[in-house]
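Inspection log for the structure reproduced underneath, given as structure tokens.
The values are calculated or read from the model by the stated rules, or taken from the named source; none is laboratory data. All values reported here derive from a predicted model rather than from experimental measurement. Every residue, glycine among them, receives a Cβ derived from its backbone with ideal geometry; neighbour counts consider all protein chains shown.
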Amino acid sequence: MADKSVSADVLKDHELLHSLIERSVDGLIAINQKGRVIYANPAAVDMFADRKPELIGSIFGIPAINEAVELILPCKAEMRHVEMRASEFLWHGKVIYLASLRDITMRKHLFDSLKQREKTLQNVFDILPVGLWFADAEGRLERGNKAGVAIWGSEPKVGIENYGVFKARRLPSGEEIAADDWALAHAIRDKKTTLDEMLEINCFDGSKKIILNYVTPITDETGKVQGAIVVNNDITERMKSEEALRENESHFRTLANSGQALIWTSGLDKLCNYFNQIWLDFTGRTLEQEMGMGWAEGVHPDDLQKCVDTYCQAFDRREKFSMVYRIRRHDGEYRWIQDDGSPRFNSHGDFIGYIGHCLDVSDRILYEQKLAESETLFRSLIEGAPDAILVHTGDRYVYANAAAVTLLGASSQNQILTTPVLDLIPPEEHTTMKAQLDKLLIEKLPVKSTEKIMFRLDKSEVRVEVSAVPITFAGKSCALSFVHNIEERVRARAEREDLMMQLAHAQKMESIGALAGGVAHDFNNMLQVILGETEFAIEENVKNPNSELAASLAEIKKAAVRSAELTKKLLAFARKQLYSPKLLNINEVIEGMLKMLRRMIGENIELIWKPGTGVWKIEMDPSQLDQVLANLAINARDAIENVGALVIETCNIEIDKEMSKELGGIEEGEYIVLSVSDTGCGMKPEVLERIFEPFFTTKEVGKGTGLGLATVYGIIGQNEGSIKAYSEYGIGTTFKIYLPRAKDESKSDNSSAAVTLADLTGSETILLVEDEIQILNYEKLLLERLGYKLLFTSDPTVALSIAAEYPEEIDLLITDVIMPGINGKELQQKIMELHPQIKCIFVSGYTTGVIEHHGILPNEINFIEKPFTASAFATKIRNVLGQRE
């Protein structure tokens, strides 16, 4: 029983051992002395999964017994690492070998991974730019990287008790660090972590450095300190750079605030981060208000968008920019500033933002605006100037204003600019022109105004007045020429000279007229006595008509009449002759004179009459027209030596402004032209200029008085007309007379029929006033013979008394015009107050404007000119007394 009990226990032990072997995670293989596998547990079989059928009984090679080897076995197509142990056993009396196989592949991989990580960490440890130290649990520095050794200058492997070898002071306090006060000591002892501790250290090589010290303890899972890590960041160079940067910033701020520029900076976000004090003083705002985009609040609303766009576009392209905009000053006034911005880069070339400086350019803008306005005004003045303005280099024109284009007949300014200067100057002026250009362009002296002739582009000539000054134009020495068109002035000067000649002629005529008028008054009075007394003598001697006395008296009367005609001529050319204009058909008047004119010029001269059709009527004294035609006919006769022709023509014409000037300034309007032409010898220019001067004649002595054409000139002028002479020496002469058309062509001329002296008697009462006693006696005797009742006196004041005291009506007043004390016109007016119905006849040898206007007698004035014949005097009296009220 006991044996059975033992056997049962053994069997249980055997089963337990077998169960453990079968369940072991390690592979177990039993090998006999021949090397064949006699047993393999499941774990071993799994290791040799690909050889499982042949594993039992196979030869298993064992490199060494009792050695742990690494055997790589193929399993599941993977390389595995195993650890094998072997030992001898007696089994059933035989020696066998039991091999234990453990799969260490995972452990191998972990070990290799840790080894690789340690290597990597070592590499990182060695290449870190900061100093890194490891201390053990006792605070002993075991290892430091290269950067740490470089910082301190050695690798001091000292313990906590020897920290005194390290010398340093804390910054910025400057406190010296005691041996036991190091951050590493606090980490080991107190588990204290230290960050950003700034120290100035004394290195083992004698140098000093500034570092940031970081220390942290290393603890296990229980919190026990196992060591510490120390990190030293050398910031010596950074501190130097920061110090330098601070100095630079200080310098920058000093400079920024010491000038006049408004300075700003911005960062990568485009927002402004700095404004100098000058900017702030200028805007009157704080830095906080201006920062970012606050500065834009001061920009003028009209400029803001463009300003921001310019800045942002330049910022995006990293380009410089320059812009001008208005910004509000502290006093509220908007000022123009010029803002020049540039991209900023750090020492590494990295873009870090923008910097800009601004200047107040309001004064410049205002100046530029005024300059632009001035230039615009100047250009307007130049372009709008009536005179041509040219700029040239001496060879070519470089500028021409609009007036120059017009003056030179160009189609455009460019047409002038492509024309050589000398092409517009007459060849004979080239030498003078070049000398003036040398004076102007080399000596820089102005050229005074001179009259010249220039060529237009079509080569026609134009008279100009030119002056020039030296200037610089487009960087070149040039001449600025002012060219004034003087064509009108030349014409005006010629007209003025002509007018001066006319004035001189008029003054001469006026002087002679004054003389003639004075002479005419006294001379006509004397002639009146001679003519009157001669007529009385002839009447007394009527019974002896063939006696010598009768002949002598007739000659005396002829001489008196001729003398009176001479006086009339003197008054006519001086425009002092009295005349009575009548409405005339000039063709009818000329036709009535043709027979007389033919007798006057002789048979050797053909008289050709060419009357115009529809010729307008004129208002003129017929005797004046007769006198004009007679004078011109006589001059033509004297100019024709043998045979020739005298042509008289008439026509109508309209006188315009231009023609009016040519004709001495007569009024514009409708005129009748009377042309008298001859084929005589003609006149030289010097003679033609003087033909209307009184007493000027080319005839032999005794053959002309020099009053003929002067008389014609005076008559035409008196009738508000004009006369022009055209002559070519050796060819002939033409006189053109322009007479104004009558204003009223409907008036009629009522001429009285001729009567004899016997028909001219009367019985009316006449008051006769004459200051010349001889004439008074003649007129008194004549009127008494004619049967009139007579009141007479030589004193006009006595005449007033007579008129006042005479009780009856006085029918007629006959008075001299020029008398001492009171003239005839005044006398008439005073007597008419006493006798309103009285009629009046004025008598005078020269009136001096008392009763007429510009020589024209009004229709209501009755006048007889001395000397007169008895029949003329009697006829005049009868005509006046016969007028109806």
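Give the residues of segment 316-336 that are closer than 17 Å to ARG364 by Cα and aromatic (Phe, Trp, Tyr), sorted by residue number.
Across segment 316-336, the qualifying residues are TYR325, TYR334, TRP336.
Which residue pairs have Cβ atoms closer than 6 Å, lie 6 or more positions apart in sequence or on different chains, and pair a first residue in segment 172-184 that is over 19 Å from PRO156 (Cβ atoms) with a second residue that is in a loop (DSSP other than H, G, I, E, B) and among the acidic types (Asp, Glu)?
The qualifying pairs do not exist here.
Sort out for me the helices (runs of 4 or more DSSP H) sitting completely within segment 619-688 that have 2 or more residues that are under 53 Å from the mean Cα position of the chain (by Cα) and on the phi < 0 side of the Ramachandran plot.
Details: elements: 622-639, 657-662, 685-688.
The qualifying helices (runs of 4 or more DSSP H) are 657-662.
Is it the case that VAL447 is in contact with a Phe, Trp or Tyr (Cβ under 7 Å, 6 or more places away or on another chain), aliphatic (A, V, I, L, M), under 20 Å from ASP395 (Cβ atoms) and assigned by TED's automatic domain parsing to the domain that holds VAL391? It would help to see each step written out before you state the result.
Details: in contact with a Phe, Trp or Tyr (Cβ under 7 Å, 6 or more places away or on another chain): no; aliphatic (A, V, I, L, M): yes; under 20 Å from ASP395 (Cβ atoms): yes; assigned by TED's automatic domain parsing to the domain that holds VAL391: yes.
Considered against the rule, which asks whether it is in contact with a Phe, Trp or Tyr (Cβ under 7 Å, 6 or more places away or on another chain), aliphatic (A, V, I, L, M), under 20 Å from ASP395 (Cβ atoms) and assigned by TED's automatic domain parsing to the domain that holds VAL391, VAL447 comes out as no.
Can you list residue pairs whose Cβ atoms sit under 8 Å apart, with the first residue in segment 372-392 being within 18 Å of ILE486 (Cα to Cα) and the second being modelled with pLDDT under 85 and of a type in the set (A, V, I, L, M)? Count only pairs 6 or more apart in sequence or on different chains.
Close Cβ pairs (under 8 Å, with a partner that is modelled with pLDDT under 85 and of a type in the set (A, V, I, L, M)) amount to ILE389/ILE382.
Restricting attention to segment 482-498, does a residue exist that is closer than 30 Å to GLU451 by Cβ, of a type in the set (S, T, N, Q) and at pLDDT 65 or above? Can you show your working first?
Taking segment 482-498 as the starting set, the residues that turn out to be closer than 30 Å to GLU451 by Cβ are 482-498.
Okay, now just the ones that are also of a type in the set (S, T, N, Q), so 485.
Of the ones still in play, those that are also at pLDDT 65 or above are 485.
Scanning segment 482-498, I find at least one residue that is closer than 30 Å to GLU451 by Cβ, of a type in the set (S, T, N, Q) and at pLDDT 65 or above, so the answer is yes.
If you scan segment 201-225, which residues turn out to be assigned to a strand (DSSP E or B) and farther than 19 Å from GLU175 by Cβ? Even if it seems obvious, please write down each step before you answer.
Filtering segment 201-225 down to residues assigned to a strand (DSSP E or B) leaves 201-202, 208-219, 225.
Residues satisfying the conditions are THR216, PRO217, ILE218, THR219, VAL225.
Go through segment 398-426 residue by residue and tally those that are of a type in the set (A, V, I, L, M, F, W, C), under 22 Å from the mean Cα position of the chain (by Cα) and under 15 Å from VAL464 (Cα atoms).
So the answer is 4.
Would you call ASN546 polar (S, T, N, Q), over 30 Å from GLU686 (Cα atoms), modelled with pLDDT of 70 or more and not in a helix (DSSP H, G or I)? Let's see the steps before the verdict.
Numbers: polar (S, T, N, Q): yes; over 30 Å from GLU686 (Cα atoms): yes; modelled with pLDDT of 70 or more: yes; not in a helix (DSSP H, G or I): yes.
Judged against the criteria, ASN546 is a match.
Please enumerate the residues belonging to segment 264-288 that are hydroxyl-bearing (Ser, Thr, Tyr) and over 19 Å from SER362 (Cβ atoms). Steps first, please.
Step one: filter segment 264-288 for residues hydroxyl-bearing (Ser, Thr, Tyr), giving 265-266, 274, 283, 286.
Scanning segment 264-288 gives THR265, SER266, TYR274, THR286.
What is the residue count in segment 147-200 for residues that are assigned to a loop (DSSP other than H, G, I, E, B) and charged (D, E, K, R)?
First, pick out the residues of segment 147-200 that are assigned to a loop (DSSP other than H, G, I, E, B): 153-159, 166, 171-175, 177-178, 182, 191-193.
Right, trim to charged (D, E, K, R) and you get 155, 157, 175, 191-192.
Selection size over segment 147-200: 5.
Any idea how many residues of segment 358-398 are outside any helix (DSSP H, G or I) and within 30 Å of THR283 (Cα to Cα)? Give the steps one after another, and end with the answer.
Initial filter on segment 358-398 (outside any helix (DSSP H, G or I)): 358-361, 385-398.
Adding the requirement that they be within 30 Å of THR283 (Cα to Cα) leaves 358-361.
Going through segment 358-398 one residue at a time, the tally reaches 4.
For GLY409, state whether it is touching a Ser or Thr at 6+ places or on another chain (Cβ under 9 Å) and under 21 Å from GLU487 (Cβ atoms). Steps first, please.
Numbers: touching a Ser or Thr at 6+ places or on another chain (Cβ under 9 Å): yes; under 21 Å from GLU487 (Cβ atoms): yes.
So GLY409 fits the description; yes.
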